[in-house]
Amino acid sequence: MSIRHGLLALLERGPRYGSQLRTEFESRTGSTWPLNVGQVYTTLSRLERDGMVVQDGEDEAGHPLYAITDSGRVELRSWFENPVDRTSPARDELAIKLAMAVGAPGVDIRDVIQSQRRHTVKAMQDYTRLKAQALPAVEKNGARERDDIAWLLVLEQLIFQTEAEARWLDHCESRLIRLSSTAPAAGPEPASPGAVAGAAGMGARAGAGAEEATPPPVTSALHDRP
């Protein structure tokens with residue numbers, strides 16, 4: 001998530017101070033990605049260092065105001081015009097968890113999948129209820145309330161995202177079932193050459209001992225009697 005570009009977009013509407021930017025950012029995104037004031041001021045300092053914002057006096061309460069510069073507007077326009085790069089995806093904890101669960105001792109990956117599916121479906125249902133609550137305000141106010149529309153778009157993205165995740169988990173489970181049904185049965189481990197040689201030597205010694213302990217045939221014993 002690009003906090004810097006989000007702050008630039010808010011500053012394009014006019015000078016703002018840090019707490020005000022945090023409040024407007026969270027209002028626009030429905031507090032889906034909450035910020036703290038420290039993050040906001042750290043980002044503003046970097047933007048100021050890069051020449052994209054400048055301090056622009058204070059408000060009546062003494063809060064330092066920040067304003068976007070021409071360089072900041074160029075950066076913001078570039079952000080809006082260029083697609084989000086998907087060639088280097090962000091790390092996904094769930095994908096990493098499932099990858100590590102494959103073959104992990106004492107871990108049943110199907111249990112991991114089913115537990116995650118239950119959580120994902122519940123989250124999708126919660127987002128759907130929030131959308132049902134947000135829709136009336138959007139339908140009533142139309143395009144006048146930008147925050148309501150922005151929040152609705154974020155909610156719908158979350159719904160689609162959780163729906164896709166649930167479908168992927170179903171696919172993972174089906175894939176594992178197919179693979180387990182076609183996997184060859186594991187046979188006994190082959191013995192090492194040393195074990196084979198040792199077994200052969202023991203067999204030979206046992207054979208020799210058996211020959212020494214074998215009594216003479218009964219017929220031979222009868223012929224030898226006087």
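The values are calculated or read from the model by the stated rules, or taken from the named source; none is laboratory data. Note that the coordinates shown come from a computational prediction; the quantities given were computed from them, not determined experimentally. Glycine also receives a Cβ, built like all others from the backbone with ideal geometry; neighbour counts cover every protein chain displayed. Ligands, DNA and RNA are excluded from the accessible area calculation, which covers all protein heavy atoms including side chains. Shrake-Rupley method; radii C 1.70, N 1.55, O 1.52, S 1.80 Å.
If only one of 107, 84, 74 is of a type outside the set (Gly, Ala, Ser), open to solvent by 70 Å² or more (accessible area, probe 1.4 Å) and not in a helix (DSSP H, G or I), which one is it?
84
Please tell me if residue 121 is open to solvent by less than 90 Å² (accessible area, probe 1.4 Å), of a type in the set (A, V, I, L, M), under 18 Å from residue 27 (Cβ atoms) and without any contact (Cβ under 8 Å) to a residue 60 or more places away in the chain. Before the answer, list the steps.
Working: open to solvent by less than 90 Å² (accessible area, probe 1.4 Å): yes; of a type in the set (A, V, I, L, M): yes; under 18 Å from residue 27 (Cβ atoms): no; without any contact (Cβ under 8 Å) to a residue 60 or more places away in the chain: yes.
So residue 121 fails the test.
Which of the residues that make up the stretch 89-98 are exposed (fewer than 10 other Cβ atoms within 10 Å of the Cβ) and outside any loop (DSSP other than H, G, I, E, B)?
Of everything in the stretch 89-98, just one residue is exposed (fewer than 10 other Cβ atoms within 10 Å of the Cβ) and outside any loop (DSSP other than H, G, I, E, B), namely 93.
Considering each of 57, 51 in turn, give the residue that is in a loop (DSSP other than H, G, I, E, B) and either touching a strand residue (DSSP E or B) at 6+ places or on another chain (Cβ under 9 Å) or at pLDDT 95 or above (or both).
51
Is it fair to say residue 6 is closer than 17 Å to residue 151 by Cα, without any contact (Cβ under 8 Å) to a residue 60 or more places away in the chain, crowded, with 18+ Cβ neighbours inside 10 Å and small (Gly, Ala, Ser)?
For residue 6, the condition - closer than 17 Å to residue 151 by Cα, without any contact (Cβ under 8 Å) to a residue 60 or more places away in the chain, crowded, with 18+ Cβ neighbours inside 10 Å and small (Gly, Ala, Ser) - is met.
On the given criteria, is residue 31 closer than 25 Å to residue 146 by Cα, within 33 Å of the chain's Cα centre (by Cα) and hydroxyl-bearing (Ser, Thr, Tyr)? Don't jump to the end; show me each part of the working.
On the way: closer than 25 Å to residue 146 by Cα: yes; within 33 Å of the chain's Cα centre (by Cα): yes; hydroxyl-bearing (Ser, Thr, Tyr): yes.
Criteria met by residue 31.
Scan the stretch 133-163 for residues that are open to solvent by 60 Å² or more (accessible area, probe 1.4 Å) and assigned to a helix (DSSP H, G or I) and jot them down.
Answer for the stretch 133-163, where residues must be open to solvent by 60 Å² or more (accessible area, probe 1.4 Å) and assigned to a helix (DSSP H, G or I): 133, 136, 139, 140, 143, 144, 146, 153, 157, 160, 161, 163.
Among what's in the stretch 1-46 and is among the acidic types (Asp, Glu) and touching a Lys or Arg at 6+ places or on another chain (Cβ under 9 Å), pick the residue that is modelled with the highest pLDDT.
Looking at residues that are among the acidic types (Asp, Glu) and touching a Lys or Arg at 6+ places or on another chain (Cβ under 9 Å), I get 12.
Here is a check on your reading of the model: is residue 67 touching a residue at least 40 places away in the same chain (Cβ under 8 Å), surrounded by fewer than 20 Cβ atoms within 10 Å (Cβ to Cβ) and on the phi < 0 side of the Ramachandran plot?
yes
Could you please give the count of residues in the stretch 9-28 that are over 30 Å from the mean Cα position of the chain (by Cα) and open to solvent by 50 Å² or more (accessible area, probe 1.4 Å)?
Going through the stretch 9-28 one residue at a time, the tally reaches 5.
Determine whether residue 49 is of a type in the set (D, E, K, R) and either in contact with a helix residue (DSSP H, G or I) (Cβ under 9 Å, 6 or more places away or on another chain) or surrounded by 14 or more Cβ atoms within 10 Å (Cβ to Cβ) (or both).
Values: of a type in the set (D, E, K, R): yes; either in contact with a helix residue (DSSP H, G or I) (Cβ under 9 Å, 6 or more places away or on another chain) or surrounded by 14 or more Cβ atoms within 10 Å (Cβ to Cβ) (or both): no.
No: the conditions fail for residue 49.
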